[in-house]
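To keep things clear, I will list the structure first and then write my remarks on it.
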């Protein structure tokens, strides 16, 4: 498996374990929190378990969204069962050569309490266009593997981002967002650089992220290399 995608799956697993909504079944892992669409996700899917997915989804045992590493055989099997592709993001990795340095920004704060979790959830919801609840974010404050950040612009909290350290010591950048009306001021770039600085200071050999089609060229300029695609399907 592509390291960046393996890292992403571990991040999702950790979210679910901290929040109490991770389930491991034979041939598939699942996040299925109650009363929320994020981070509802099926991943770690094995080919011979695709046929049973529809029944488990119909009986509300699993979420509707399936994330898979780009794989023609697996994707054809999903499509044959009536699943359709909804998105494709680039799995990207930077090798830490210790030659890149980024400044910390004083307007970016680490989330340490319930107020910060509430602000993070509000910013992320407005940035990504779907509801993210404070109850999903709050448990992450107590995780030793996760660091959450929110950024100010003048008097408003407008940007967010997460750094996650996986089981082999690699760091990943997640949930980098800026409220729509504050885009174009370089705030997302500042958040990305702050998260990168955090990873670099912790001597992460590789740093991972998943990027949209629009975001991939920006991350490439920062030193990230495209490794493959993470695709989402639904039914």
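Quick notes on this structure:
- Search result, residues across region 88-106 that are buried (at least 17 other Cβ atoms within 10 Å of the Cβ) and either modelled with pLDDT of 95 or more or over 19 Å from residue 159 (Cβ atoms) (or both): 89, 90, 91, 92, 93, 94, 96
- Single residue of 148, 140 found to be in contact with a strand residue (DSSP E or B) (Cβ under 8 Å, 6 or more places away or on another chain), more than 22 Å from residue 190 (Cα to Cα) and outside any loop (DSSP other than H, G, I, E, B): 140
- Per the listing 122, 144, 110, 118, the residue uniquely more than 15 Å from the chain's Cα centre (by Cα) and within 17 Å of residue 182 (Cα to Cα) is 122.
- Residue count, region 4-30 (criterion: part of a helix (DSSP H, G or I) and crowded, with 17+ Cβ neighbours inside 10 Å): 15
- Only one of the listed residues (74, 62, 78) is buried (at least 20 other Cβ atoms within 10 Å of the Cβ), touching a residue at least 24 places away in the same chain (Cβ under 8 Å) and in a helix (DSSP H, G or I). That residue is 78.
- Look at (1) over 17 Å from the mean Cα position of the chain (by Cα); (2) surrounded by 18 or more Cβ atoms within 10 Å (Cβ to Cβ); (3) in contact (Cβ under 8 Å) with a residue 60 or more places away in the chain and you find that residue 182 fails only one, number (3).
- Test set (1) surrounded by fewer than 22 Cβ atoms within 10 Å (Cβ to Cβ); (2) in a helix (DSSP H, G or I); (3) touching a helix residue (DSSP H, G or I) at 6+ places or on another chain (Cβ under 9 Å) - residue 157 fails condition number: (2)
The values are calculated or read from the model by the stated rules, or taken from the named source; none is laboratory data. Since we're looking at a predicted model, the values are computed, not measured. Quick reminder, even Gly has a Cβ in these numbers, built from the backbone with ideal geometry, and neighbours come from all protein chains shown.
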